[in-house]
Amino acid sequence: MHITEILFWILTALALFSALMVVSSDNPVHSVLWLILVFMAITGHYILMNAQFLAIVNMIVYAGAIMVLFLFVIMFMNLNKDSEPQKSVWLRLAAVVSGGSLLLILVAALKDNGGYINSMKGEGSIGLIKNLGNTLFTEYVVPFEISSILFLSAMVGAVVLGKKESSTPAA
Amino acid sequence: MEMLAIDLSLGLEKLLLIGGIISFSLLVAMYTTYGERKIAAWMQDRRGPNRAGPFGLLQPAADGLKLFFKEEIIPLTSNRMLFVLGPALAMITAMLTSAVIPWGPTIEVFGRQVSLQIADVNIGILYIFGVVSMGVYGIMIGGWASNNKFSLMAAVRGASQIISYELAMGLSLIALLMLTGTLSLKSIVAQQMTGGWNIIYQPLGFLIFLICVFAECNRTPFDLPEAENELNFGYHQEYSSMKLGLYLFAEYVNMFISSAVVATLFFGGYDIPFVDEAALAANIGVNATAALGFAALFSKILFFLFLFIWVRWTIPRFRYDQLMDLGWKKLIPLALANMLITAVVVLWLNK
């Protein structure tokens, strides 16, 4: 087996195992830590596809920043089994049905991939920062700018919400 | 299998390089603790460590041995696995950054061209950011697993501080990257060899970057996560023996690597000032030039290590709101302005 193939299977096994552990571990802090491991494995996959920029951004933004915020919240709330209210049977059933139908759609979408997966084998160069930058700022410049405005408005919204909370004097 | 065979000598070379760089960083970190104590003593008109060996030079070894022989205590209510994982992560992430720093020009060993850089990836600087953002977890996991309120508070402080200052750090670097046009640290050093050091073009960017580096390393005046008069001992309060040692040691390794990054980005890396390296290499050989280049880099690193220590024993600690104020309301706007001005100037010069 080629070295990249070996790495691919190791990373895949790691990602799947960690993803299962995210769902099944009792402690929410452990879940977050397993989720970080999932992101790391996916970062590895990106590197195998020669998409170095995507890989590192995935690591900085998802594994680095967003997961830290998750950890913040969970550590402060100190969630554990006793404090978590038991969900009703109907709610659980609804969760199973919606999760199952999502899985069905994902499998159906990926089953007929049209040779897409074979084209992602390592030698592509679109993920390198130079090509990605060129594509983003020429071909896709309008969607890129619009999404950045979306982010900006989300940020402003968050600040406004945060301000509202603190301006009311504490009794 | 064929591919593995070809890469064997390359792998061996890289393995030796990694081993060399890691042991070198550990050695330097060890003697930075000694330097810290000696310089602190000098500034406070004391003698500092002077009992173990000549001039107290064996003091770091004695400290290390002491830490190893102390009793390991794992609090009963703590999460055992995460408690051990915390310091290990802190140390690993401190070490990982050294992979993309060019420690010197290419040398020749037995007719082979050996690059003194572990990996010249084309995302060099971003890799450093990625690893630095992982460094938060060492603190957070350790602080949370200790199951101690002070530790948790300190861990959250540390993490929010590191995230906040990462922003200003990234923005100050964008201005630099606009000038260099590359993310690879090796190319950045090569550009500085011919075009002058980046500190000339980016003085404000350098200042912001340096402040953020201090914050990322949890050094005074940003050492709130271990503010002993507010939080007892900070996120490593429950730690003892070598696990505590790893946390303390990771700080010094971080200082060393950050100094190397600052020297590489803004002070020419292994560039010997006022010397034409190509002519020198023709005169005294490639390897001797590489050695001199490494010496130049190392003296720059030593200067920054001294700066770290100097600041620690001069400036008192910030209050927490002052820290956040400085990060969000002063450094980020400044870095944004610096970025805009640089962009305008670059566009104007190109036209």
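Laboratory data are not the source of any read-out in this text; all were calculated from the coordinates shown. Worth saying up front: this structure is predicted, and the values here are computed from it rather than measured. All Cβ positions, glycine included, derive from the backbone under ideal geometry; neighbour counts span all protein chains shown.
Quick rundown of the values:
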{"quantity": "Spatial separation of Cα centroids for segment B:237-293 and segment B:30-86, in angstrom", "calculated": "22"}
{"quantity": "Sites B:VAL275 and B:THR106 - FRET efficiency at Förster radius 30 Å, r taken between beta-carbons, to 0.05", "calculated": "0.95"}
{"quantity": "Estimated distance in nm for a label pair at B:GLU72 and B:ASN232, the labels positioned 7 Å out from Cα along Cα-to-Cβ", "calculated": "2.2"}
{"quantity": "Sparse-neighbour loop sites [chymotrypsin sites (Phe, Trp or Tyr not before Pro); segment B:92-188; at most 11 other C-beta within 10 Å; DSSP]", "calculated": "B:PHE110"}
{"quantity": "With at most 13 other Cβ atoms within 10 Å, longest stretch of chain B clear of loop GluC sites (Glu not before Pro) (DSSP)", "calculated": "B:73-351"}
{"quantity": "Contact order relative to length of chain B, as percent, for alpha carbon pairs under 8 angstrom and 6 or more apart", "calculated": "23"}
{"quantity": "Volume per residue that the Cα convex hull of segment B:152-267 spans, once the total is divided by residue count, Å³", "calculated": "100"}
{"quantity": "Global size of segment B:32-148 as Cα Rg and Dmax, reported in angstrom", "calculated": "20.0, 58"}
{"quantity": "Stretchable slack from B:ILE22 to B:ALA52, in nm (0.36 nm times residue separation minus alpha-carbon distance)", "calculated": "8.3 nm"}
{"quantity": "Chymotrypsin sites (Phe, Trp or Tyr not before Pro) within segment B:270-326, DSSP loop, no more than 12 other Cβ atoms inside 10 Å", "calculated": "B:PHE274"}
{"quantity": "Spin-label pair A:LEU91/B:SER241, simplified geometry with 7 Å Cα→Cβ offset, distance in nm", "calculated": "4.4"}
{"quantity": "Reciprocal of mean inverse Cα separation for segment B:283-351 (Kirkwood radius, Å)", "calculated": "16.4"}
{"quantity": "Descending semi-axes in whole angstrom, ellipsoid equivalent of segment A:10-95, from the Cα gyration tensor", "calculated": "29, 16, 10"}
{"quantity": "Within segment B:74-350: Cβ-based charge dipole about Cα centre, in debye rounded to nearest 20 (Lys, Arg +1; Asp, Glu -1)", "calculated": "340"}
{"quantity": "Expected 222 nm ellipticity per residue - DSSP helices of 4 or more, -39500 (n - 2.57), all of chain B, to 500", "calculated": "-23000 deg cm²/dmol"}
{"quantity": "Simple label model, 7 Å out from Cα along Cβ direction - B:LEU8 to B:ASN283, nm", "calculated": "4.3"}
{"quantity": "Cβ-Cβ FRET estimate between A:VAL141 and A:MET21, R0 fixed at 41 Å, reported to 0.05", "calculated": "0.50"}
{"quantity": "Kirkwood Rh, angstrom, chain B [1 / mean 1/r, Cα pairs]", "calculated": "21.6"}
{"quantity": "Evaluated at q = 0.11 Å⁻¹: base-10 log I(q)/I(0), Debye formula over Cα of the protein assembly as shown", "calculated": "-1.17"}
{"quantity": "Neighbour cut-off at most 12 other Cβ (10 Å), DSSP loop, trypsin sites (Lys or Arg not before Pro), segment B:4-76", "calculated": "B:ARG46, B:ARG47, B:ARG51"}
